[in-house]
Amino acid sequence: MNTVNDVYLNICHLYPDTLNLYGDRGNVICMEKRLAWRGIGVNIKQVPIGCELEWKDTDLFFIGGGQDFEQEVLLPDLEGKKADAIREAVEDGRVFLAICGGYQILGKYYTTHDGVTCSYIGAIDACTVGGAKRMIGNFMFRCAPEDGGFLVTGFENHSGRTYLGPGARPLGTVVRGFGNNGEDGGEGARYKNVFCSYSHGPLLPKNPGLCDRILELALRRRYPGFVLPELESGFEHRAASYMSNRLGASPC
Amino acid sequence: MSSGAGDLIAAAAAYFFRRIVNGAFVCYNADMKRLRFLTALWLGKIAVLACRVLGRGGTDMPGRLALKICPDVLKYLSSGVNTVLITGTNGKTTTSRIVERGLAAAGLDCFANRSGANLLSGIVTCFASNAKLSGKSRHDWAVIECDEAALKFVTLYIKPVSLTVTNIFRDQLDRYGEVTHTLSSIRTSVANIPGAVLCLNADCSLTWSAADDAKNAVISFGVDVPIYRGEVSDLSDAPYCSRCKSRYNYDYRTFGHLGGWRCSSCENKRHQPDIRVTRILSSGESGTAVVMSIFDSEYTARINLAGGYNVYNACAAAACLHSAGVGDGTVIEALGSFEGGFGRMEEFSLGGVSARMILVKNPAGCNQVINYLCSGSGPALFVICLNDRAADGTDISWIWDVEFENLAARKDRLTGLWVSGVRADDMALRLKYAGFDEGELRVIRDYNELLDEIAAQSSPVYIMPTYTAMMDLRGIMTKRFKLKKFWM
């Protein structure tokens, strides 16, 4: 295994105790391990409700999904300085990975099924409308070519339908399942270095290509031109191809 | 019998029954109701027999058939039976086994849905099997564990002596939705049964909030002290107050979000329970010794099943037995003598090798199992079988919330770590990221091969299957190792 001397990455896990639904921390475990296996140092800072967000020294932000109740608990915390800090960090080109509820709160607002609108951070050009029917199940999408073109398998479970404005583009195209809204075939969002997805729980472990791409992007801010050494990823690909075969597509 | 065939028989039977009834008995409304009920019961009974003759478990299909013919069949079947209902995310089955033991020790004649068929149809099957042809129950008491989501339907028909709620954790999100949905389902159920005593876990803020609007009598239970040495690290499923959304502070934590909770801003807090464990005296592979206080009378009790979570199950069962009027001495006796339920540390001998089956289904329960396994000594082989069928939960993301890292810290104890089941590859991947090298893991997909390999071991084996994996494994084990059939 290659080791890289003195290279490190600062990761901020936002709202780890609130937005931690169903295996989201698998993404953090995955990033941490894939860096450590390459001898790259990683500092993970947890920023819960009520703690100030010092974004300037952070390379990569992770935000997970939450239940409706927890997302309500968050709202007052998001109104103040934290939303400003997140918007500044996004505009500065910091890397974000936001899943499900975390994806929604990076958008502009959420209108519930019964017509109540909550304002969100507005860091990306997306808004979400609550639906009556939950979109649940194993799903699969293909990342846009400029994002590596990976075939990604995951599990979605959301009633919110997210619509992107002209300021954002989808992370990929739905191959099986619903994606953003079950209508336009788009899944997730991309804006600057922000990656959003409805693939809740552990998106990254089964999709190491996407994980490494996100890590590399974050490392390059600190170390321009940085290239991650390859890792043996047999288990990762076996788990992914089991699901992609089951859903009826061959990985390529 | 496949569910498709079951549905077909049910539909055909319902059709012919309607034809006959509509033709001949249309004038006799009361008689017709009774006839409809009896037909449902008898066909249900025939279906139970047919399933057994065919060598299948059939805990579900007969009930579905009976429900098609007579939707309120359970109302008739349960009338006159003193029923205790037991629900909650984890611990339903073990709690039921203790309660069953306690009722029997008190000389009360009871039956129970032992195989864990705890949806409406399974509960109907259980009542139908235990009814005479006249529809009257053969037994005075019933111990019924009930799925949290099915409870709101079951409580439309059964008017129980008490309802015990063991705890509420996140569980199978694809099926139950968020924990707040489970909670609201339990609240609806409580409103259906105003006459029932509620036995509630005082240490679980979610469970406790189920009684917020209820006027039912309540017996509370809990544990006054930490169960495990050292810091409890698992995720909390309820960090914020159900009333005012402020953060809960804890005087102590037992595991998950259970413990001495109090809201940081409003009056909402844990109350001292009526039935509580005040001290953990010792814990080992064969059980836990505790001091239990039952309405201020103190007893030393031995809980006949290892694992910290079984301390809670013992408290829940004690509360339930108290609601049934069982004396303290008998309760303590039951705690020390009950036998683990279906797949709950159930012990098998596979070709002379001791194998324990421990069902896993959600992060809180699985963390407790890991905790138990890590606290043991002596070499052992661990096997994890992960399926993702409907009864397991189709979303397996939860394995990333389980502290398998703790297992990796006990490699000294492991003679091997094997994975199997439909999603074996995902399980292997999780374990890789928990700290196991690819070479330390073995994927064995075929259950026959898996059982052969287990039978060739020299050290004890712990098998952790999800629900349908357990059912599949049992099917093969029953045939190959001449085990008792589970519906007997």
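The values are calculated or read from the model by the stated rules, or taken from the named source; none is laboratory data. None of these values were measured; they are calculated from a predicted model. Cβ: placed from backbone, ideal geometry, glycine included. Neighbour counts: every protein chain shown. Ligands, DNA and RNA are excluded from the accessible area calculation, which covers all protein heavy atoms including side chains. Shrake-Rupley method; radii C 1.70, N 1.55, O 1.52, S 1.80 Å.
The table below gives the values:
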item	result
Residue within segment B:291-298 that is crowded, with 22+ Cβ neighbours inside 10 Å, among the hydroxyl-bearing types (Ser, Thr, Tyr) and not assigned by TED's automatic domain parsing to the domain that holds B:LEU450 present	no
Criterion violated by B:SER377 - all others in (1) small (Gly, Ala, Ser); (2) open to solvent by 20 Å² or more (accessible area, probe 1.4 Å); (3) in the same structural domain as B:ASN118 (by TED's automatic domain parsing) satisfied	(3)
Residue within segment A:15-34 that is away from every other protein chain (no Cβ under 12 Å) and either assigned to a strand (DSSP E or B) or farther than 26 Å from B:ARG247 by Cβ (or both) present	no
Any hit, segment B:320-334, residues being open to solvent by less than 30 Å² (accessible area, probe 1.4 Å) and part of a strand (DSSP E or B)	no
Qualifying residue in segment B:260-279 (condition: in contact (Cβ under 8 Å) with a residue 40 or more places away in the chain and at positive phi)	no
Strands (runs of 3 or more DSSP E) contained in segment A:114-171 and holding at least 3 residues farther than 14 Å from A:GLY188 by Cα and over 15 Å from the mean Cα position of the chain (by Cα)	A:117-119, A:126-143
Members of segment B:341-371 found to be touching a helix residue (DSSP H, G or I) at 6+ places or on another chain (Cβ under 8 Å) and either more than 25 Å from B:ARG170 (Cα to Cα) or open to solvent by 30 Å² or more (accessible area, probe 1.4 Å) (or both), listed by number	B:ARG344, B:PHE348, B:SER349, B:LEU350, B:GLY351, B:GLY352, B:VAL353, B:ALA355, B:LYS361, B:ASN371
Filter pass, B:TYR240 being within 14 Å of chain A (Cβ to nearest Cβ), free of Cβ contacts under 8 Å to residues at least 12 places away in the same chain and either closer than 19 Å to B:THR166 by Cα or buried (at least 20 other Cβ atoms within 10 Å of the Cβ) (or both)	yes
Residue check, B:ALA289 under 30 Å from B:ALA355 (Cβ atoms), among the small types (Gly, Ala, Ser) and free of Cβ contacts under 8 Å to residues at least 40 places away in the same chain	yes
Meets criteria (in contact with a His (Cβ under 8 Å, 6 or more places away or on another chain) and either of a type outside the set (D, E, K, R) or more than 12 Å from every other protein chain (Cβ to nearest Cβ) (or both)) for A:LYS45	yes
Segment B:181-196 residues that are small (Gly, Ala, Ser), paired with ones that are in a loop (DSSP other than H, G, I, E, B) and at pLDDT 95 or above (beta carbon under 7 Å, 6 or more apart)	B:GLY195/B:LYS159; B:ALA196/B:PRO160; B:ALA196/B:VAL161; B:ALA196/B:ASN216
Residue, most open to solvent (accessible area, probe 1.4 Å), within segment A:57-75, restricted to residues that are more than 14 Å from A:ILE99 (Cβ to Cβ) and more than 13 Å from chain B (Cβ to nearest Cβ)	A:ASP57
Subset of segment B:243-288 that is in contact with a Ser or Thr (Cβ under 6 Å, 6 or more places away or on another chain) and more than 14 Å from chain A (Cβ to nearest Cβ) - its residue that is surrounded by the fewest Cβ atoms within 10 Å (Cβ to Cβ)	B:THR278
A:PHE150 being open to solvent by 10 Å² or more (accessible area, probe 1.4 Å) and touching a helix residue (DSSP H, G or I) at 6+ places or on another chain (Cβ under 9 Å)	yes
Matching entry among A:ASN245, A:ASN207 (being polar (S, T, N, Q), within 14 Å of chain B (Cβ to nearest Cβ), in contact with a Gly (Cβ under 8 Å, 6 or more places away or on another chain) and within 22 Å of B:GLY421 (Cβ to Cβ))	A:ASN207
